[in-house]
Amino acid sequence: MEGSIGILAALAAAGSWALASVLFKGLSEENDAVALTYAKAAVCTLILLGIVLVFRIPFPGWKETVLLVSSGIVGILIGDICFFKALQHLTPQALIVLMVCGQVLTAILALIVLRENVAAPVWIGLALVLAGLYGMMMPGP
């Protein structure tokens, strides 16, 4: 049962990324990448603040807060600016293929850097994703 929840969550995440890529494509053609990033950050901050207040989540310590903010600056601020800039120059389909490559690279780096133990099904999944990417990049008939 737990596996099926994970699979559904992964499919929902993939679907939301695909939908977001299509929706943000139109916005990125009409707006600056930095402005879109600030707007997205403001909306996300309000949503997260609401969640913290509703569920009374305790404030983390200062060290954790500094690490979280630093991670957000690198991962979200810079990443989103690059994402929105890429949307201005790529099709949503090409961007999704590149994003999936990033996920595969993350998994491979986790193996190397973090010395993650990986079960055979994970290797099979990575191989299937890479095969799918290869199929997507091949020219059509």
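The values are calculated or read from the model by the stated rules, or taken from the named source; none is laboratory data. Since we're looking at a predicted model, the values are computed, not measured. Glycine also receives a Cβ, built like all others from the backbone with ideal geometry; neighbour counts cover every protein chain displayed.
Report whether or not residue 69 is over 29 Å from residue 36 (Cα atoms) and exposed (fewer than 15 other Cβ atoms within 10 Å of the Cβ). No.
For segment 19-26, the criterion of being loosely packed, with under 14 Cβ neighbours inside 10 Å, outside the structural domain of residue 101 (by TED's automatic domain parsing) and modelled with pLDDT of 80 or more is met by none of the residues.
Within segment 110-128, the set of residues being hydrophobic (A, V, I, L, M, F, W, C) and surrounded by 10 or more Cβ atoms within 10 Å (Cβ to Cβ) comprises 110, 111, 118, 122, 123, 124, 126, 127, 128.
Right, residue 112: more than 19 Å from residue 15 (Cα to Cα) and in the same structural domain as residue 135 (by TED's automatic domain parsing) or not?
Yes; evaluated as a whole, the condition is true for this residue.
Could you count how many residues in segment 30-50 are surrounded by 10 or more Cβ atoms within 10 Å (Cβ to Cβ) and of a type in the set (Asp, Glu)? Summing the residues that are surrounded by 10 or more Cβ atoms within 10 Å (Cβ to Cβ) and of a type in the set (Asp, Glu) in segment 30-50 gives 1. Within segment 1-13, no residue that is closer than 21 Å to residue 100 by Cα and basic (Lys, Arg) sits with its Cβ atom under 9 Å from a residue that is at pLDDT 75 or above and outside any helix (DSSP H, G or I) at 6+ positions apart or across chains.
Being surrounded by fewer than 13 Cβ atoms within 10 Å (Cβ to Cβ), without any contact (Cβ under 8 Å) to a residue 60 or more places away in the chain and out of contact with any strand residue (DSSP E or B) (no Cβ under 7 Å at 6 or more places or on another chain) holds for only one residue in 86, 107, 94, 131, and it is 131.
Taking the residues in segment 24-73 that are part of a helix (DSSP H, G or I) and polar (S, T, N, Q) as candidates, determine which candidate is farthest from the chain's Cα centre (by Cα).
Step one: filter segment 24-73 for residues part of a helix (DSSP H, G or I), giving 24-30, 33-55, 62-73.
So of that shortlist, the ones also polar (S, T, N, Q) come out as 28, 37, 45, 65, 70-71.
Numbers: 28: 17, 37: 14, 45: 17, 65: 21, 70: 17, 71: 14 Å.
My answer is 65.
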